[in-house]
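Only the coordinates and a few stated rules stand behind these numbers; no lab work does. Remember, it's a predicted structure, so these values are computed and weren't measured experimentally. FYI the Cβ positions are ideal-geometry reconstructions off the backbone, even for glycines, and counts take in every protein chain you see.
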Amino acid sequence: MNPDITYDLLVLGGGPAGYAAAIRAGQLGKKAVVVEMERAGGTCLNWGCIPSKALLKSAEAYQNALAAEEFGISCGEVSFDFEKVISRSRNVADQMGGGIEFLFKKNKVDYVVGTGMVHTPGMVEIMEGEHSGTYLKADKILIATGCKARALDEIKVDGERIMTSREALVMKKQPASIAIMGAGAIGAEFAYFLNSFGTKVILLEMMPSILPVEDREISDALLKSFKSQGIDCRINTRVDDIKVQDDLVVIKVVSGEAEEVIEVESLLLAIGVVPNLDDALSPKLKLELNKGYLKVDENYQTSEKGIYAAGDIVGPPWLAHVATYRAIQAVNGMFGHSTPIPFDAFPGCTYCQPQVASIGSTEEKLKEEGLEYNVGKFPFAASGKAVAVNHSEGFVKVLVGKKYGEILGAHIIGSDATELITEYGLAMNMEATVDEIHGTIHAHPTMSEALAEAAAATQGEAIHI
């Protein structure tokens, strides 16, 4: 950090948007500085995407060990150490955080541990940390402070009885029972994780389906799978009252006309996120907001010239890969490297088992818009590779325009869904038709063959169903 120079770019926030923006600026030969109170990597790397995937991998490994007899392997008694499961996930996050710091050095990006407040365009005060009270100057400022978990005003998060995802990632002991309020990606992932290790899980969702943003057929398939795994899923259910006692949480839930009181050791709040602008803006600086999020133009500039924003702080979709994309687009634009390119197709992934991944429109949305389309589906039960590796649950579903065969949406539920979805993302980005997916030779045996078979199925030409 050098308070005596004027940086080309100052970034508030070191998450997927912030660190990517600074690194990109460094690649362009610009002098950049990142201000981040916590370790580089932000919520995603330290308290979200990465450590949660480490937990899910432990759950998957444990379940595979329990099923080892199906592969002709005898393991004897299989057990687990919950503290080690949590500890491993923290080690993974620490390792990746160190990697981001290395990339800062490689690209000559300065890194300040602290919080920053934007006073005026070009001026930021360091508010916390070793350099508190220092002012930094920059030609351009990018706000990438992200979001934080939504809590309930009337309920105190204590990390034991009441948790958000942040506290759940470092829970000191495994709860015997837990209610999870919200069945989006975070709620579904924690439901799978804890249920896999034997916690009694009640998943509460007020919408008519779990993973409400997904194609309904996919959501229904995951609901069926979760129920078969022993997860108590309650859809069309709202929480009316929560009472925290010394050793349990008492929750009143309502479904239709029926009321029920459930008692669990802990409650996990997975009810979304809120913008994180806490003390990032001087009271004298009035940036235009949209529902609490920073409003930006097509170049990611806020209502104040020279101040930009990218990532979750500009609103949905709240996805790390979208945040990175937006931030790189913003930096390329602000330094004249290229004009920001709007996007309308981004993958959404949920990493429970079976995994869920999608891109583009759902069938429900296409019906609402009155578009004519064909559907192609292929079950993994008909895939030789899926059966061989004991992952035959789920299917691929692709939606294509009836007249031209353009890919309107792709939806996958299955073991490797989050890896497979990229092929359809690339196809949509290249404006490929379903014929080009069908006409591409897919290696045999692979899970990816299901992508080609689903494409063929839109015209009744799938071979293996």
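For Lys108, the lysines whose Cα falls under 16 Å of its own Cα, not counting residues fewer than eight places away in the same chain, are Lys30, Lys31.
Taking 56 Å as R0, compute the FRET efficiency from the Cβ-Cβ separation of Glu406 and Asp247 and round it to 0.05. If you can, show how the numbers build up before the last one.
Values: r = 57 Å, r/R0 = 1.02.
Efficiency computed from Cβ-Cβ geometry: 0.50.
With respect to the chain, whose longest principal axis is taken over its alpha-carbon atoms, helix 417-429 is tilted by about 70°. In sequence order, the range 35-48 has phi-based couplings of 10, 8, 6, 9, 5, 3, x, x, 4, 4, 6, 9, 9, x Hz under the Karplus curve 6.51 cos²θ - 1.76 cosθ + 1.60, θ = phi - 60°, and Gly or Pro positions carry x. Residues whose amide H comes within less than 5 Å of that of Met207, counting only those at least five positions distant or on another chain, are Asn236, Thr237 (H built at 1.01 Å from N in the peptide plane).
Annotation note: GluC sites (Glu not before Pro) in the range 404-465 located in DSSP loop regions with a Cβ neighbour count of at most 12 within 10 Å are Glu431, Glu461.
For Glu38 and Glu364 in one chain, what is 0.36 nm times their gap in residues minus the Cα-Cα distance, to one decimal in nm?
Length difference between fully extended and current span is 113.3 nm.
For the chain, what's the relative contact order in percent, using C-alpha pairs closer than 8 Å and at least 6 residues apart?
Values: 997 pairs, mean separation 63.9, N = 465.
The value is 14 percent.
Rounded, prolate or oblate: pick one for the range 326-365, where a ≥ b ≥ c are the square roots of the eigenvalues of its C-alpha gyration tensor, a/c under 1.5 means rounded, and failing that, prolate if a/b is larger than b/c, else oblate. Intermediate results must be reported in sequence, preceding the final value.
Working: a/c = 6.49, a/b = 2.22, b/c = 2.93.
Since a/c reaches 1.5 but b/c is at least a/b, the shape of the range 326-365 is classed as oblate.
With axes computed from alpha carbons, what is the tilt in degrees of helix 185-196 against the longest principal axis of the chain, rounded to the nearest 10 within 0 to 90? Tilt relative to the chain: about 50 degrees. What the Cα atoms of the range 354-457 give is an Rg and a Dmax of 12.9, 41 Å. Of the residues Tyr351, Tyr19, the one with the fewest other Cβ atoms within 10 Å heads the list, and the complete ranking is Tyr351, Tyr19. Dipole magnitude for the chain: about 1080 debye, using +1 per Lys or Arg Cβ and -1 per Asp or Glu Cβ, origin at the Cα centre. If R0 is taken as 51 Å, the Cβ-Cβ distance between Val387 and Leu285 corresponds to a FRET efficiency of 0.30.
Mind running the shape call on the chain? Use the C-alpha gyration tensor, a ≥ b ≥ c as the square roots of the eigenvalues: rounded below 1.5 for a/c, prolate if a/b tops b/c, oblate otherwise.
oblate
For the range 131-182 versus the range 198-258, the inter-centroid distance based on Cα atoms is 22 Å. The HN-Hα couplings worked out from phi for the range 332-345 by the Karplus form 6.51 cos²θ - 1.76 cosθ + 1.60 (θ = phi - 60°) are 4, x, 5, 9, x, 6, 6, 7, x, 9, x, 10, 9, 10 Hz, whole numbers, x standing for Gly and Pro.
For the range 41-93, the dipole from Cβ point charges (+1 on Lys and Arg, -1 on Asp and Glu) about the Cα centre works out to 400 debye, to the nearest 20.
For the range 162-271, what does the alpha-carbon gyration tensor say about shape, rounded, prolate or oblate, given a ≥ b ≥ c as the root eigenvalues, a/c under 1.5 as rounded, and a/b over b/c as prolate? Oblate, since a/c reaches 1.5 and b/c is not below a/b.
Averaging Cα coordinates gives a centre for the range 423-465 and one for the range 323-367; these two points are 21 Å apart. Each residue, Val157 and Ala345, gets one label point 7 Å from its Cα in the Cβ direction; the gap between the two is 3.6 nm.
For the chain, what is the calculated [θ] at 222 nm in deg cm²/dmol (nearest 500), taking -39500 (n - 2.57) for each run of four or more DSSP H residues and dividing by its residue count?
Working: 13 runs with 145 residues, N = 465.
One gets -9500 deg cm²/dmol as the mean residue ellipticity at 222 nm.
Taking Cβ separations below 4.7 Å as the criterion for a possible disulfide partner, the isolated cysteines in the chain are Cys75, Cys147, Cys233, Cys349, Cys352. Measuring between alpha carbons in the structure, the pairs from Lys84/Lys397; Lys173/Lys252; Lys227/Lys295; Lys305/Lys367 lying more than 31 angstrom apart are Lys84/Lys397; Lys227/Lys295; Lys305/Lys367.
Can you list the residues of the range 182-209 with backbone N under 19 Å from a point 7 Å past the Cα of Ala68, pointing along Cα to Cβ? Output list for this probe position: 196-198. For the chain, with the dipole built from +1 on Lys and Arg beta-carbon atoms and -1 on Asp and Glu ones, taken about the Cα centre, which of Gly315, Ala382, Gly133 lies farthest toward the positive end? Of the listed residues, the answer is Gly133.
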